[in-house]
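The values are calculated or read from the model by the stated rules, or taken from the named source; none is laboratory data. Remember, it's a predicted structure, so these values are computed and weren't measured experimentally. Here the Cβ positions follow ideal geometry from the backbone for every residue, glycine too, while neighbour counts run over all protein chains shown.
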Amino acid sequence: MIWALLIPFVMQAIFTVFDEGVFHIKRGLPKWERIGHPVDTFSVVCCFAFVQIFPYSTHSLMWYIGLALFSCLLITKDEFVHKHHCPAKEQWLHAVMFVNHPILLSSLALLWASSTSSIKWLSEIQIHHDLIQSFLLSQTIFVTGFMFYQIIYWNFIWQLKEEK
């Protein structure tokens, strides 16, 4: 069961690399995307950081659900203008990413909950507790690093390339 919970993380990484490496690099990003995409990523960083900082409890789960719902809504904010700037294939990829986003955040919540769960199938994950904690920490670092890449590359490096 544990490995099934990791699939959304792998899929999101693949989708993001493809979206960035194929579509964004090819068409470039207007200012609203250069600002908006790191904001979207920050909402994901907040969810990942939350489970790193706060121990699982019913109270903290409620806060996490609020963060996750906000992130799920926030990432759709650009779709009204994407339809004018993105090819159909990129819009389809975004749709797939939107479907995966709440699945990923739910998997994150289940992995977080497994640290204290008495639910049998979740408690089986406890066997791999250290591995899961390392995985979640590495994901937090990778997502945070990607956010900084988005800020630095698209707002400083790419702009310099465009001016030449």
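Quick rundown of the values:
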| read-out | value |
| --- | --- |
| Failed item in (1) at pLDDT 90 or above; (2) not in a helix (DSSP H, G or I), with Gln91 passing the rest | (2) |
| Qualifying residue in region 97-109 (condition: at pLDDT below 90, hydroxyl-bearing (Ser, Thr, Tyr) and over 21 Å from Lys31 (Cα atoms)) | no |
| Members of region 54-106 that are polar (S, T, N, Q), closer than 29 Å to Thr116 by Cβ and under 17 Å from the mean Cα position of the chain (by Cα) | Ser71, Asn100, Ser106 |
| Tally of residues being basic (Lys, Arg) and surrounded by 17 or more Cβ atoms within 10 Å (Cβ to Cβ) across region 1-51 | 1 |
| Any pair with Cβ under 6 angstrom, 6 or more apart, that starts in region 71-95 at a residue that is free of Cβ contacts under 8 Å to residues at least 40 places away in the same chain and ends at one that is of a type in the set (A, V, I, L, M) and in a helix (DSSP H, G or I) | Ser71/Val44 |
| Helices (runs of 4 or more DSSP H) fully within region 1-79 counting 3 or more residues that are touching a helix residue (DSSP H, G or I) at 6+ places or on another chain (Cβ under 7 Å) and polar (S, T, N, Q) | 31-53 |
